[in-house]
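Chemist: Take this structure first; my questions come after.
The values are calculated or read from the model by the stated rules, or taken from the named source; none is laboratory data. All of these numbers come straight from a predicted model, not from anything done at the bench. No Cβ is skipped: glycine too gets one built from the backbone with ideal geometry, and neighbour counts run over all protein chains shown.
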Ligand code: AMP
Ligand code: GLY
């Protein structure tokens, strides 16, 4: 089979790394890919990131299967277009991707489907939001409606911060939401529209600094160890969240296919959904693919149940100077080849002197170990061997999981 991966971040590098090992994949392509993916797949430049352009590429390489990494092409309708042309593609349709594409749609949908989530109201105007801002007390969570690359959510500690945040958020509708306390878990399932395959739970680290301090990022690291949720909690997530969501999507005429990512908060009052994403998480995928022992291609093409290695995996993101604010690019990276483990590229490019930084999250250093402590140590040993000017990374990825060992 010829397989095309759409995207060029760390998640897509991890997907390509896994697909490269599949007995069903003959030729692997990525669009646009990145310098790390180049070692595994033929990278195809894209002139324009439109569904039509991706379709043309898929036709030109006779792709038998296309796997979509990021949300933007999904929300733009790449799956609809491929299916209309009879091309096999993994992901939800544009309408189904609204679960991620619109916070207002997602929140209203959860209410209709009876999925447990934080109390919320939607404001069409900033004036309405200002008038009602204290309804859930403080802290309060403000969410811009549309896609915002993980940066459209602000947690305001008091009224003053909330009013400031309202002025900062993009124009348009906003969701004002009750602040939930608990532990966050990324629970991702894959569905072909009929069968549902839960992946192992993972835990992301969203805040930029150690101890969950500082502003939120796309994710500074993740781990996967088979202990994040108990079997009972997985059952709860399936029964209270995943099944009602998939059933309701079907009933509303927008059946869901592809990866569905439920960002869960494990509260004292049970599991609650913070958000849905219409795709795999980044950096969750790097940890997931490192632990997957079965054939990813066979999951897509033959419905083979995913299997997991017993060894936990950990991914630490090395970020560029300035991230998550204004990012500096062009810093030369040293030590990737000799660090001794998988390094998934995200914001990198080839410069005249070698691979250099080209984005906020630069690398996802990923390793495993006999237990979580060893997996963490192995990952940080590799992180210590990689250097670039201005780099920063969290030092506490996976620490939350140690109390379960
Ligand atoms: P979202 O994009 O909706 O997942 O929000 C991004 C991050 O903001 C989440 O991963 C949480 O860390 C935090 N967050 C979102 N909603 C809430 C909430 N209702 N209560 C507490 N934290 C939240
Ligand atoms: N790591 C969080 C996300 O992919 O949305």
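Chemist: Please go through segment 1-28 and pick out each residue that is farther than 18 Å from residue 82 by Cβ and within 16 Å of ligand 2 (Cβ to nearest atom).
Modeler: Residues satisfying the conditions are 8, 9, 10, 11, 13, 14.
Chemist: To continue, here is another question. Here are some residues: 146, 152. Which one is closer than 28 Å to residue 222 by Cα, surrounded by fewer than 17 Cβ atoms within 10 Å (Cβ to Cβ), within 13 Å of ligand 1 (Cβ to nearest atom) and modelled with pLDDT under 90? Don't jump to the end; show me each part of the working.
Modeler: On the way: 152 fails: surrounded by fewer than 17 Cβ atoms within 10 Å (Cβ to Cβ).
Only one candidate qualifies: 146.
Chemist: Can you work out which of the residues in segment 216-227 that are surrounded by fewer than 24 Cβ atoms within 10 Å (Cβ to Cβ) and more than 12 Å from the chain's Cα centre (by Cα) is nearest to ligand 2 (Cβ to nearest atom)?
Modeler: Here the residue is 216.
Chemist: Based on this model, can you work out whether residue 143 counts as outside any helix (DSSP H, G or I), in contact (Cβ under 8 Å) with a residue 40 or more places away in the chain and touching a strand residue (DSSP E or B) at 6+ places or on another chain (Cβ under 8 Å)?
Modeler: yes
Chemist: Whether any residue in segment 83-105 is over 17 Å from residue 246 (Cα atoms), buried (at least 21 other Cβ atoms within 10 Å of the Cβ) and within 16 Å of ligand 2 (Cβ to nearest atom) is what I want to check.
Modeler: Yes: segment 83-105 contains one or more residues that are over 17 Å from residue 246 (Cα atoms), buried (at least 21 other Cβ atoms within 10 Å of the Cβ) and within 16 Å of ligand 2 (Cβ to nearest atom).
Chemist: Within segment 151-237, considering only strands (runs of 3 or more DSSP E) that don't extend past its boundaries, which have at least 3 residues that are in contact with a helix residue (DSSP H, G or I) (Cβ under 6 Å, 6 or more places away or on another chain) and at positive phi?
Modeler: Here the list is empty.
Chemist: Just to be sure, is residue 206 buried (at least 16 other Cβ atoms within 10 Å of the Cβ) and either within 14 Å of ligand 2 (Cβ to nearest atom) or modelled with pLDDT under 95 (or both)?
Modeler: For residue 206, the condition - buried (at least 16 other Cβ atoms within 10 Å of the Cβ) and either within 14 Å of ligand 2 (Cβ to nearest atom) or modelled with pLDDT under 95 (or both) - is met.
Chemist: Would you say residue 328 is assigned to a strand (DSSP E or B), over 25 Å from residue 198 (Cβ atoms), out of contact with any helix residue (DSSP H, G or I) (no Cβ under 8 Å at 6 or more places or on another chain) and in contact (Cβ under 8 Å) with a residue 40 or more places away in the chain?
Modeler: no
Chemist: From the list 350, 291, which residue is touching a residue at least 60 places away in the same chain (Cβ under 8 Å) and surrounded by fewer than 16 Cβ atoms within 10 Å (Cβ to Cβ)?
Modeler: Result: 350 is the single residue among 350, 291 that is touching a residue at least 60 places away in the same chain (Cβ under 8 Å) and surrounded by fewer than 16 Cβ atoms within 10 Å (Cβ to Cβ).
Chemist: Can you say whether residue 115 is under 30 Å from residue 67 (Cβ atoms), in a loop (DSSP other than H, G, I, E, B) and in contact with a helix residue (DSSP H, G or I) (Cβ under 7 Å, 6 or more places away or on another chain), as far as the supplied structure shows?
Modeler: yes
Chemist: Quickly run through segment 55-81 and pick out the residues that are outside any strand (DSSP E or B) and touching a helix residue (DSSP H, G or I) at 6+ places or on another chain (Cβ under 6 Å).
Modeler: Selection gives 55, 69, 71, 75, 76, 77, 78, 81.
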